[in-house]
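Visitor: This is the structure, below, for whatever I ask next.
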Amino acid sequence: MAALRAQSDADYEQVFLVDTVGFGIGASYQRLAHHQPRGDWVWVLDDDDECTYPGLVADVRRIAAEQPEVCVIMARMDHGGSLGVLPDALVWGKSPVLGHLGVSSYIVRRDVWMRHAHAFGSGHYASDYDFIAHVWRDSPAVYWHDVIASRCNRISRGAPEGAA
């Protein structure tokens, strides 16, 4: 939360979808399939991710104003260790590839979220990829924002908290 409070533009709303039982990432993605955000843009941070770029909210606002046709903003996230920064060079500027991005790699306009959120519904570990791949089928206007916007502090591979 402190990292989000460090944003240079405070015009954002943070919503928590809390897993009180400990079902893990699959169940959290199933909940995202039914989540109806109120803001203009949606960015998902898993519980083990943190925002690392204090200008992100201001940049999203600027990009949306300058290029209103944009409905997906791709950013990078640092997964650390062997995964490194994703999306990596293999897919940067191209269609998403499973294993080369994470849920915090994309920020989508609310209307796009609402049209495609059901793709999170499978509840499996790669539902974040399912969602963005589904969005990509509509040939969205994408802005490739070459900043590291987030960092994964712990890669749990879908295990509930405390189990990894």
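The values are calculated or read from the model by the stated rules, or taken from the named source; none is laboratory data. Quick caveat: nothing in here was measured; it's all calculated off a predicted structure. Note that each Cβ is placed from the backbone with ideal geometry, even for glycine, and that neighbours are counted across all protein chains shown. Note: areas computed on protein heavy atoms with side chains; ligands, DNA, RNA excluded. Shrake-Rupley method; radii C 1.70, N 1.55, O 1.52, S 1.80 Å.
Visitor: Roughly what % antiparallel, to the nearest 5, for the DSSP beta bridges in the chain?
Guide: Roughly 65 percent of the beta bridges in the chain run antiparallel, per DSSP.
Visitor: Just add up the charged neighbours of Arg110: K/R +1, D/E -1, any other residue whose Cβ is under 12 Å from the Cβ of Arg110. It would help to have the intermediate numbers written out before the result.
Guide: Values: positive: Arg38, Arg109, Arg115; negative: Glu13, Asp40, Asp111.
So the environment of Arg110 carries a net charge of 0.
Visitor: How much length is gained if the chain between Arg115 and Ile63 is pulled fully straight, taking 0.36 nm per residue apart and subtracting their Cα-Cα distance, in nm to one decimal?
Guide: The Arg115-Ile63 span can extend by a further 16.6 nm.
Visitor: Separate question: What figure in square angstrom, to the nearest 10, would you give for the accessible area of Trp43 with a 1.4 Å probe?
Guide: Accessible surface of Trp43 is approximately 60 Å².
Visitor: Could I have the simple spin-label model distance between Ile148 and His124, label points 7 Å from Cα toward Cβ, reported in nm to one decimal?
Guide: Inter-label distance under the simple model: 3.1 nm.
Visitor: Would you indicate which of [x] 109; [y] 132; [z] 121 is the value of volume of the Cα convex hull per residue in Å³ derived from the coordinates of this structure?
Guide: So the structure-derived entry is [x].
Visitor: May I pose another question? Among Leu4, Val60, Met114, pick out the residue whose Cα is farthest towards the positive end of the charge dipole of the chain, where Lys and Arg carry +1 and Asp and Glu carry -1 on C-beta, about the Cα centre.
Guide: With unit charges placed on the Cβ atoms, the residue in question is Met114.
Visitor: At 1.4 Å probe size, what's the solvent-accessible area of His124? Round to the nearest 10 Å².
Guide: Taking all protein chains as shown, His124 has close to 80 Å².
Visitor: So, one more: Considering only protein heavy atoms, what is the solvent-accessible area of Cys51 at a probe of 1.4 Å, reported in Å² to the nearest 10?
Guide: Counting only protein heavy atoms, Cys51 exposes about 10 Å² to solvent.
Visitor: How much net charge surrounds Cys71 when only other residues with a Cβ under 9 Å from its Cβ are counted (Lys, Arg +1; Asp, Glu -1)?
Guide: Cβ neighbours under 9 Å give a net charge of -2.
Visitor: Report the residues of segment 127-142 in range of a label on Lys94: point 7 Å along Cα→C-beta, backbone N strictly under 17 Å from it.
Guide: The answer is 133, 136-137.
Visitor: Counting Lys and Arg as +1 and Asp and Glu as -1, each charge on the Cβ, what is the dipole of segment 1-125 about the Cα centre in debye, to the nearest 20?
Guide: With Lys and Arg at +1 and Asp and Glu at -1, about 320 debye.
Visitor: Another one. Which whole-Hz couplings ³J(HN,Hα) result when phi for each residue of segment 62-79 is put into the Karplus expression 6.51 cos²θ - 1.76 cosθ + 1.60, θ = phi - 60°, listed in order with x for Gly and Pro?
Guide: So the J values, rounded to whole Hz, are 5, 4, 4, 6, 6, 9, x, 6, 5, 10, 9, 10, 9, 9, 9, 9, 8, 8.
Visitor: Let me ask another. Can you find, among His124, Ile73, Ser105, the residue sitting farthest towards the positive end of the charge dipole of segment 72-143, where Lys and Arg contribute +1 and Asp and Glu -1 at Cβ?
Guide: In segment 72-143, that residue is Ile73.
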